[in-house]
1. For Arg68, work out the one condition from (1) touching a Pro at 6+ places or on another chain (Cβ under 9 Å); (2) assigned to a strand (DSSP E or B) it doesn't fulfil.
2. Give me the pairs, please: first residue somewhere in region 1-19 and of a type in the set (Ser, Thr, Tyr), second residue anywhere and open to solvent by 40 Å² or more (accessible area, probe 1.4 Å) and not in a loop (DSSP other than H, G, I, E, B), beta-carbon distance under 6 Å, and either six or more positions apart or on two chains.
3. Tell me, which residue of region 157-175 that is touching a residue at least 40 places away in the same chain (Cβ under 8 Å) and assigned to a helix (DSSP H, G or I) is nearest to Trp202 (Cα to Cα)?
4. Residues Pro198, Pro222: which one is in a loop (DSSP other than H, G, I, E, B) and at pLDDT 95 or above?
5. Looking at (1) touching a strand residue (DSSP E or B) at 6+ places or on another chain (Cβ under 6 Å); (2) at pLDDT below 95, can you tell me which one Ala119 breaks?
6. Show me the strands (runs of 3 or more DSSP E) entirely contained within region 1-65 in which 1 or more residues are of a type in the set (Asp, Glu) and either in contact with a strand residue (DSSP E or B) (Cβ under 6 Å, 6 or more places away or on another chain) or on the phi > 0 side of the Ramachandran plot (or both).
7. Out of all the residues in region 72-92, which are outside any helix (DSSP H, G or I) and charged (D, E, K, R)?
8. Would a scan of region 69-91 turn up a residue that is surrounded by fewer than 18 Cβ atoms within 10 Å (Cβ to Cβ), over 30 Å from Phe195 (Cα atoms) and in contact (Cβ under 8 Å) with a residue 12 or more places away in the chain?
Amino acid sequence: MHRFFISQESFTAQGVVLGQDYAHRLGRVLRLRPGDQVVFLDNSGWEYDAEISHLSQNCVEAHITGKRPSKGETAIRIHLFQALLKLDKFELVLQKGVELGISSFTPVVSLRSVAEAPASNRISRWQRIILEAAEQSHRGSLPPLNPMLPLEAALTGAPGRRIIPWEGESSVGLRTILGLAQINSQQSLPEISLFIGPEGGWADEEVTLARQQGSLTVSLGPRILRAETAGLVAAAAILYHYGELGD
């Protein structure tokens, strides 16, 4: 069944009313018709079963047949602070990160970043990727894409425990860190900020800065992962540790 995030203003006393953009998407792209069943999401954790009652070139009307809390969000919140990457690598991180259940994304400027700051049209594309991935993967809310930050500012504002995978760390692995009492007892619903470097990795002075601000450096094993892979692997490992990838 097709799923669509819509604004709170789209809900009326009679059901749901959507404009031309959704009319084109539902009618021309997806070939839906009156009587078809869909799911609408209000980006607050609720999803609504609905039946299309009217569909024209400019308008979609549907009536609500059921409402329930979404089950697509994780109990643990993982915030991914990803250094800017070249070409479409950042888009891959966004798409797969949404599918995994990452709670928010923040692009980070690091000393070894070679990618340029994204233009407004690129950011719009990133937002669209997040939207489509969230609908496809049955998320209950859209992970925000935060404004780009330099590393120091990102470290200062990062919520929860800050973890920074680094190829120079050889004594402490992610599994060890996740087993520490300071992670598990920090709060009832754990919150982790995950910092991933650019293609060239973190500079030594950036690692020093992160440690000075209380971040924990960890190893992801003896193999060197690509910048667009490391965050997804680390996030998946964290979700598995907390039972978010099935029993």
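The values are calculated or read from the model by the stated rules, or taken from the named source; none is laboratory data. Everything quoted here is computed from the prediction, not taken from an experiment. When we count neighbours, we look across all protein chains shown, and the Cβ atoms used for this are built from the backbone with ideal geometry, even at glycine. The protein model used for the area step is the full one, side chains on, heavy atoms only, and it has no ligands, DNA or RNA in it. Shrake-Rupley method; radii C 1.70, N 1.55, O 1.52, S 1.80 Å.
1. (1)
2. Listed pairs, sorted by first residue: none to list.
3. Applying the filter and picking the extreme gives Leu174.
4. Numbers: Pro222 fails: at pLDDT 95 or above.
Step by step, each of Pro198, Pro222 is checked, and only Pro198 is in a loop (DSSP other than H, G, I, E, B) and at pLDDT 95 or above.
5. The number of the failed condition is (1).
6. Working: elements: 3-5, 16-18, 37-41, 46-55.
Hits in region 1-65: 46-55.
7. Across region 72-92, the qualifying residues are Glu73, Arg77, Lys86, Asp88.
8. yes
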